[in-house]
Amino acid sequence: MAYWRDSFYYKPKPRRPANGIKVQMKKGAVGDTWWSKRWIGVLESFNMGTRLARGRSYARSGQVIKAGIEPGAVKALVQGSARQPYIVVIRLKPLSDRQWNKAIKAMASKAVFAAKLLAGEMPRTIEESFAAAKCPLFPQSPKDLATECDCPDWANPCKHLAAVYYVLGEMFDRDPFVLFALRGRDKGRIIEELRKRRSEAAENLAPQRHTEAEAPVETLRSLEDCLENFWKADKQASGIGFNMKSPEASAAVVRMLGPAQFAVSSQNMADLIAGWYGAVATAAERRALGGGPKKRR
């Protein structure tokens, strides 16, 4: 807040908190993943003027002391020029249970969606799932954001609110489920429902068991009769080709099973196994391309 003092226009500098939350991107755009950049891009499209730029400067200098997420809202403390930090609240209208059920059903219908989310990634076409439920994931206009700040600045957003917007962007980088939490559904519940729907889909696709009377009879040849052509591919196998490429979601099966019940050297066993999956996949791809195993120095 600027004011006149002794015939001079005085603008006090903000106090620097000792342990503020500083965004990592010191220059250029804030956000590392496409979904955090999408969040910032949506806000910048609302023509909020220079307020966002001032908020970005606040976020980079660590003026946001803390920020907590709860269903439908983020609450934060932002240090300004006053002695006491300002209280900031940003609310994004939560989706109804009916809307969430439709969105999760659409997400679970695509195996790669569930796998990527369980691996901590946001699928690029995730907004299609919410479009199917007729409810946008990201805000569509400033009216979708209900904001509060107890600072004396009348503008919306003030620099304190804007700083929290940018901190939120980096929170999305670390955990895409934070964005879902702002829409009213926490990570644990979404994962549980995704796993449930994926399990139901797998059961529906499982082959039906035959009774002994219905079981098809297959004539098997003895090993002695197959020795001559044992190592040769038959006509059906000769048409099989292989296309080695990295999976769209790393260690999807492990991630879908969830965290293990024990840890090794403070690291959850599921995370260790996921790392091994990645190492094996890289080695297999290198061998398939003729590179051979990587030599240790």
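Scanning segment 104-130 for residues that are under 20 Å from S36 (Cβ atoms) and either in a helix (DSSP H, G or I) or touching a strand residue (DSSP E or B) at 6+ places or on another chain (Cβ under 7 Å) (or both) turns up M107, F113, K116, L117, L118, I126, E127, E128, S129, F130. Summed over segment 192-224, the residues that are at pLDDT below 85, of a type in the set (D, E) and either under 30 Å from K102 (Cβ atoms) or surrounded by 10 or more Cβ atoms within 10 Å (Cβ to Cβ) (or both) give a count of 2. Restricting V112, V89 to residues that are among the β-branched types (V, I, T), surrounded by fewer than 16 Cβ atoms within 10 Å (Cβ to Cβ) and more than 18 Å from the chain's Cα centre (by Cα) narrows the list to V89.
Condition (residue is surrounded by 10 or more Cβ atoms within 10 Å (Cβ to Cβ), basic (K, R) and at pLDDT 65 or above) applied to segment 253-266: is it met by at least one residue? Taking every residue of segment 253-266 in turn, at least one turns out to be surrounded by 10 or more Cβ atoms within 10 Å (Cβ to Cβ), basic (K, R) and at pLDDT 65 or above. Suppose the filter is assigned to a loop (DSSP other than H, G, I, E, B), in the same structural domain as L117 (by TED's automatic domain parsing) and at pLDDT 75 or above; does R189 pass it? Considered against the rule, which asks whether it is assigned to a loop (DSSP other than H, G, I, E, B), in the same structural domain as L117 (by TED's automatic domain parsing) and at pLDDT 75 or above, R189 comes out as no. Look at (1) more than 25 Å from D32 (Cβ to Cβ); (2) assigned to a helix (DSSP H, G or I) and you find that P94 fails only one, number (2).
The values are calculated or read from the model by the stated rules, or taken from the named source; none is laboratory data. Since this is a predicted model, take the numbers as computed values, not measurements. Note that we place each Cβ from the backbone using ideal geometry, even for glycine, and neighbour counts take in every protein chain shown.
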